[in-house]
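S.K.: This is the structure, below, for whatever I ask next.
The values are calculated or read from the model by the stated rules, or taken from the named source; none is laboratory data. Everything numeric here is computed off the predicted structure, so don't read it as measured data. Cβ: placed from backbone, ideal geometry, glycine included. Neighbour counts: every protein chain shown.
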Ligand SMILES: NC(=O)c1ccc[n+]([C@@H]2O[C@H](COP(=O)([O-])OP(=O)(O)OC[C@H]3O[C@@H](n4cnc5c(N)ncnc54)[C@H](OP(=O)(O)O)[C@@H]3O)[C@@H](O)[C@H]2O)c1
């Protein structure tokens with residue numbers, strides 16, 4: 001299954017440039033949820049997000065996409081997002097698309113589910129998750145956490 005995993009606020013804000021890790025908030029509970037969900041799995045992120053995090057996250061296979069190939073033996077570097085998605089779709093293996101905004105936008109037509117941590121309140125930043133209303137996702141489940149609600153959307157499911 002191909003999943004988008006993202007944390008956003010009520011305005012779909014996801015990123016802030018001048019913060020320590022690129023996020024508009026410091027939310028340990030959501031980082032734990034991200035870790036619990038993606039541990040020992042394959043995650044994919046854009047080069048900008050990889051730079052913002054500054055290192056590969058441990059115990060995960062990390063694919064970083066960039067149009068300009070670069071040397072980093074800690075991760076799998078790929079130059080085509082579409083190619084990676086196609087490979088994982090064909091093999092039936094799980095893939096967690098982990099941002100940022102441009103990667104989310106390009107992936108939306110192809111993913112099976114959205115795992116959205118809806119961080120409470122509004123925050124300051126400049127990068128937003130795209131409007132996904134017209135992509136045919138249906139809200140299947142909401143799991144309440146202390147500082148966010150986990151919203152699970154699946155394509156076309158009732
Ligand atoms: N709240 C969350 O859950 C969350 C999660 C992740 C990220 N974020 C935030 O999102 C922001 C970054 O988003 P962003 O849109 O600026 O950058 P991004 O999506 O992380 O990365 C963009 C880069 O990815 C590469 N790329 C894009 N499309 C590609 C394709 N089709 N094939 C191959 N490579 C491709 C390009 O790298 P090159 O320029 O090297 O060619 C492009 O510059 C940061 O603030 C980050 O903290 C938030």
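S.K.: Scan the range 82-98 and tell me whether some residue there is surrounded by 20 or more Cβ atoms within 10 Å (Cβ to Cβ), near the ligand (Cβ under 8 Å from one of its atoms) and assigned to a loop (DSSP other than H, G, I, E, B).
M.R.: Looking for residues that are surrounded by 20 or more Cβ atoms within 10 Å (Cβ to Cβ), near the ligand (Cβ under 8 Å from one of its atoms) and assigned to a loop (DSSP other than H, G, I, E, B), one finds at least one in the range 82-98, hence yes.
S.K.: Out of curiosity, is residue 95 under 18 Å from residue 15 (Cβ atoms) and touching a residue at least 12 places away in the same chain (Cβ under 8 Å)?
M.R.: Taking the combined requirement at face value, the residue does not satisfy it.
S.K.: Taking the range 35-50, which residues are within 8 Å of the ligand (Cβ to nearest atom) and part of a helix (DSSP H, G or I)?
M.R.: The answer is 47, 48, 49, 50.
S.K.: If you don't mind, there's one more thing I want to ask. Report whether or not residue 4 is surrounded by 15 or more Cβ atoms within 10 Å (Cβ to Cβ), under 24 Å from residue 147 (Cβ atoms) and at pLDDT below 95.
M.R.: So residue 4 fails the test.
S.K.: Please tell me if residue 72 is in contact (Cβ under 8 Å) with a residue 60 or more places away in the chain, more than 16 Å from residue 7 (Cβ to Cβ) and exposed (fewer than 15 other Cβ atoms within 10 Å of the Cβ).
M.R.: No: the conditions fail for residue 72.
S.K.: Of all residues in the range 1-20, which are within 7 Å of the ligand (Cβ to nearest atom), touching a helix residue (DSSP H, G or I) at 6+ places or on another chain (Cβ under 9 Å) and part of a loop (DSSP other than H, G, I, E, B)?
M.R.: Matches in the range 1-20: 17 only.
S.K.: Counting just the residues of the range 104-134 that are within 11 Å of residue 8 (Cα to Cα) and in a strand (DSSP E or B), which one comes out nearest to the ligand (Cβ to nearest atom)?
M.R.: 127
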